[in-house]
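First up is the structure itself, then whatever we jot down about it.
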Amino acid sequence: MKIEKTNIDGVLVVQPRVFGDERGYFFESFNEKRFAELTGMDVKFVQDNQSKSDANVLRGLHFQNPPYSQDKLVRVVQGSVKDVVVDIRPMSKTYGQHFSIKLDTIKHHMLFVPKGMAHGFVSLEDNTVFCYKCTNYYYPESEGCILWNDRTLNIDWGVKNPIISEKDINGGNFNELKSLF
């Protein structure tokens, strides 16, 4: 496993060691001990989630407020996504900045998303399967959503006319966010 830092403190690109041959491939998608050795973080995942999306489906930007906030380890099992995180920690030097990465089944990269980030992704192809591990259980009453196309954030999702849920269409503006992080 290789860990790469990003422009946002705590957001990490995780590259597993992939063993491939004519039969296919194998990789360890998470090893708690090795992750702790490489990052200095003691992460305990308690819930795994999975979604399937067709091309141009955009989900996000979601977060859970304290005390139910979550660290996440996200990856693509089938297909590809453009994954985006936004720093919503007011005391962070990167508050309001975002990081994006293409996650797919070719490179097998994963993204570690720490607490205090709004997270979303857009599916780049049909039948994309997206998985994520969480360090806290989902509590609907603590969920927040920032508008995916907020002008202040100016995120280039790379797709025209994304397919968006009613909840995400009604996300809040970043400038009006009362962050609890």
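The values are calculated or read from the model by the stated rules, or taken from the named source; none is laboratory data. Small disclaimer: the values here were computed from a predicted structure and weren't measured. FYI the Cβ positions are ideal-geometry reconstructions off the backbone, even for glycines, and counts take in every protein chain you see.
Of note:
- Only one entry of 140, 162 meets the criterion of being over 15 Å from residue 86 (Cα atoms) and touching a Leu at 6+ places or on another chain (Cβ under 6 Å), and that entry is 162.
- The residues of region 16-36 that are among the acidic types (Asp, Glu) and surrounded by 11 or more Cβ atoms within 10 Å (Cβ to Cβ), listed by number, are 28, 32.
- The residues of region 99-113 that are among the basic types (Lys, Arg) and either buried (at least 16 other Cβ atoms within 10 Å of the Cβ) or touching a residue at least 40 places away in the same chain (Cβ under 8 Å) (or both) amount to a single one, 107.
- Within region 8-36, the set of residues being part of a loop (DSSP other than H, G, I, E, B), more than 15 Å from the chain's Cα centre (by Cα) and in contact (Cβ under 8 Å) with a residue 60 or more places away in the chain comprises 16, 29, 30.
- Single condition residue 143 does not satisfy, out of (1) out of contact with any strand residue (DSSP E or B) (no Cβ under 6 Å at 6 or more places or on another chain); (2) among the charged types (D, E, K, R); (3) more than 30 Å from residue 25 (Cα to Cα): (1)
- Among the residues of region 159-181, the one identified as surrounded by fewer than 12 Cβ atoms within 10 Å (Cβ to Cβ) and within 16 Å of residue 98 (Cβ to Cβ) is 175.
- Annotation note: Cβ proximity below 8 Å between a residue of region 128-140 that is crowded, with 16+ Cβ neighbours inside 10 Å and a residue that is polar (S, T, N, Q) and assigned to a loop (DSSP other than H, G, I, E, B) (sequence gap 6+ or interchain) occurs for 134/70; 135/70; 136/69; 136/70.
- Residue count, region 37-60 (criterion: of a type in the set (Val, Ile, Thr) and either assigned to a loop (DSSP other than H, G, I, E, B) or under 12 Å from residue 73 (Cα atoms) (or both)): 2
- Which listed residue, of 79, 116, 96, is surrounded by 23 or more Cβ atoms within 10 Å (Cβ to Cβ) and modelled with pLDDT of 95 or more: 116
- Residue list for region 37-78, restricted to those being on the phi > 0 side of the Ramachandran plot and touching a residue at least 40 places away in the same chain (Cβ under 8 Å): 56, 60
- Against the criterion of being touching a residue at least 12 places away in the same chain (Cβ under 8 Å), touching a Pro at 6+ places or on another chain (Cβ under 7 Å) and among the β-branched types (Val, Ile, Thr), residue 84 does not qualify.
- Residue under evaluation residue 10, criteria (1) surrounded by 14 or more Cβ atoms within 10 Å (Cβ to Cβ); (2) out of contact with any Pro (no Cβ under 6 Å at 6 or more places or on another chain); (3) closer than 14 Å to residue 71 by Cα, criterion not met: (2)
- Residue in region 66-88 that is part of a helix (DSSP H, G or I), more than 21 Å from residue 152 (Cβ to Cβ) and out of contact with any Cys (no Cβ under 6 Å at 6 or more places or on another chain) present: no
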